[in-house]
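See below for the structure under consideration.
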Amino acid sequence: MPLQFVANLTDLVEDEPLPVTLGEEKIALYLLDGSVYATQNVCTHQYALLSDGYMEDGCIECPLHQGRFDIRTGAAMCSPVTQPIRVFPVQVDGNAILVDI
């Protein structure tokens, strides 16, 4: 599937996740150190939206049980999460954020 528009760069605020939906996929967008990242927006431990969580040190913390994921790689960083989250390729074209799901 080709890259698809999901949001404008101006919609993002550093360290504040932005939830978006692309088709049936729930995605969280992040502006981290000037770069844009996209991950699945649902925790792999139990259903919770990661975009409702807290960003710190390049990680997103699930609001339900405080499991943390690396935003850049999707890696599960601490208990109770053990499964990584999906990370999607992102391209910024001018002000447009494009994601490949």
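Just a few scattered comments:
- Test: residue in segment 51-67 that is under 10 Å from the mean Cα position of the chain (by Cα) and within 25 Å of Pro2 (Cα to Cα): yes
- Qualifying residue in segment 77-85 (condition: open to solvent by 20 Å² or more (accessible area, probe 1.4 Å) and not in a loop (DSSP other than H, G, I, E, B)): no
- Condition check for Gly34: of a type outside the set (A, V, I, L, M, F, W, C) and farther than 19 Å from Ala75 by Cα: yes
- Unique residue being over 17 Å from Ile101 (Cβ atoms) and touching a residue at least 24 places away in the same chain (Cβ under 8 Å) when the list is Arg86, Arg72: Arg72
- Tally, over segment 56-72, of residues that are within 21 Å of Phe88 (Cβ to Cβ) and of a type in the set (A, V, I, L, M): 2
- Close pairs from segment 1-12: first without any contact (Cβ under 8 Å) to a residue 60 or more places away in the chain and farther than 10 Å from Val92 by Cα, partner assigned to a loop (DSSP other than H, G, I, E, B) and open to solvent by 50 Å² or more (accessible area, probe 1.4 Å), Cβ under 8 Å, at least 6 apart: none
The values are calculated or read from the model by the stated rules, or taken from the named source; none is laboratory data. It should be emphasised that the depicted structure is a prediction, and the values quoted were computed from it without experimental measurement. Neighbour counts run over all protein chains shown; Cβ positions are idealised from the backbone, glycine included. Calculation scope for accessible area: heavy atoms of the full protein, side chains included, ligands and nucleic acids excluded. Shrake-Rupley method; radii C 1.70, N 1.55, O 1.52, S 1.80 Å.
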